[in-house]
Amino acid sequence: MFKKIIFTVSFILMSLCGTAQKDINNFKYVLVPKTFEISNSEDQYQLNSLLKFLFNKYGYEAYFTSDDLPEDLKISRCLALNSEVAKAKGGLFKTKLEITLKDCFGNIVMTSQIGESREKDYQKAYTEAIREAFETFQNLDYSYVASQDEDTVVQSSVESDYEEKKADVVIAQRKADKIIDEAKDVDDETIAVLSKPDTSEIYYAQPIKNGFQLVNSEPRIVMILLNTAAKNVFIVKGKSAIVFKEDGFWYYSENNGELEEQQSMNVKF
């Protein structure tokens, strides 16, 4: 009878551990705050940096909450677990800490073992206790497994964002005629109209009314860029084309009935 009870308890514990590990594998990222409740200042004793370092070292993808986060995480914060470090009970003569991971709704997904230290120096004690507590996550065979629902939500959000950007460009193009009529600063005959930008050429943007003129190394004006309502999107005067910035780079895109492949540009503002 005793052996049967032991077997039953062991089976339940194994099931719980399996469930916890399955849950943690459903999260792609771990977010680390810049301040823990045990701290008096931001990244005190570099404990926050230590926790982020440990997660990344052992196969997780961790970021500070203040970092420039991946695009899918910006769209859905529920892809990440939020980490917390707190004091555990019973630490009269010891420093005892535990690490908790919560989902985006504040539900606890996993709590570490209690890390202990007898060091009197706070920095040494906290560092030692966090490292010991982290062994729980260090020993897990963590591997992110995306659920079908999460893929659908992220994909839908990305498509929606793309449609919004495309709509901004369409609106900008519809306003092109009005903007062009207002741009009277440069005589059209002085402009060397490009069929397509030369990727090896550097173009220098000079401010004019309602936009910029692009000058090559001769120097000669090769293109007039007219402002639009969209940020970093310009109408090319005299052509059915736009110049826009994406991921830190400038591109030229012309539409002659069918949208052609975009051409990169080296523009200096």
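When 208, 202, 242, 221 are checked against the criterion of being open to solvent by 50 Å² or more (accessible area, probe 1.4 Å) and among the β-branched types (Val, Ile, Thr), a single residue qualifies: 202. Set side by side, the residues 61, 37, 42, 71 differ, and just one is in contact with a Ser or Thr (Cβ under 7 Å, 6 or more places away or on another chain), among the acidic types (Asp, Glu) and at negative phi, which is 42. Within region 54-75, does at least one residue satisfy the condition of being modelled with pLDDT under 90 and surrounded by 13 or more Cβ atoms within 10 Å (Cβ to Cβ)? Within region 54-75, one or more residues are modelled with pLDDT under 90 and surrounded by 13 or more Cβ atoms within 10 Å (Cβ to Cβ). In this structure, residue 144 does satisfy being out of contact with any Ser or Thr (no Cβ under 9 Å at 6 or more places or on another chain), closer than 30 Å to residue 247 by Cα, open to solvent by 30 Å² or more (accessible area, probe 1.4 Å) and not in a helix (DSSP H, G or I).
The values are calculated or read from the model by the stated rules, or taken from the named source; none is laboratory data. All values reported here derive from a predicted model rather than from experimental measurement. Reconstructed Cβ throughout: ideal geometry from the backbone, glycine too, with neighbour counts over all protein chains shown. The accessibility values were calculated without ligands, DNA or RNA, using every heavy atom of the protein model including side chains. Shrake-Rupley method; radii C 1.70, N 1.55, O 1.52, S 1.80 Å.
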